[in-house]
Amino acid sequence: DVSCNEISHIPLQIGDMSSLRCLNLRRNYLIELPVEISRLQLYRLDFANNRIARIPTVFRKMETLEQLILDHNPLSSPPAH
């Protein structure tokens, strides 16, 4: 849980955290999500209340993802199915 920490970017090494299953990035200052997150076997990804305008299309391949929480972001288009 790294919510509410005024984080503006996520290190690319996040993709190396193979045991991570739930990632809470809520209420930060993120403007983009690294594609490396898609390598994780997450079941929950929460990046609500950030500044994300676009979700990487590779996130569609996250087969274990059950919950994607993205409210209160300036998304330019809905996430692709």
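The values are calculated or read from the model by the stated rules, or taken from the named source; none is laboratory data. Keep in mind the model is a prediction, meaning the values are calculated, not measured. Heads up, the Cβs are rebuilt from the backbone with ideal geometry, glycines too, and the neighbour counts pull from every protein chain shown.
Quick notes on this one:
- Segment 36-56, subset part of a loop (DSSP other than H, G, I, E, B) and polar (S, T, N, Q), residue farthest from CYS4 (Cα to Cα): GLN41
- Number of positions in segment 1-27 that are assigned to a loop (DSSP other than H, G, I, E, B) and either in contact with a Phe, Trp or Tyr (Cβ under 8 Å, 6 or more places away or on another chain) or among the acidic types (Asp, Glu) (or both): 7
- Residue check for TYR29: surrounded by 12 or more Cβ atoms within 10 Å (Cβ to Cβ), under 17 Å from VAL2 (Cα atoms) and either out of contact with any strand residue (DSSP E or B) (no Cβ under 7 Å at 6 or more places or on another chain) or basic (Lys, Arg) (or both): yes
- Close pairs from segment 35-61: first in contact (Cβ under 8 Å) with a residue 40 or more places away in the chain and under 12 Å from LEU25 (Cα atoms), partner of a type in the set (A, V, I, L, M) and part of a loop (DSSP other than H, G, I, E, B), Cβ under 7 Å, at least 6 apart: ASP46/LEU25
- Complete set of residues in segment 1-26 that are of a type in the set (A, V, I, L, M) and either at pLDDT below 95 or exposed (fewer than 12 other Cβ atoms within 10 Å of the Cβ) (or both): VAL2, LEU12
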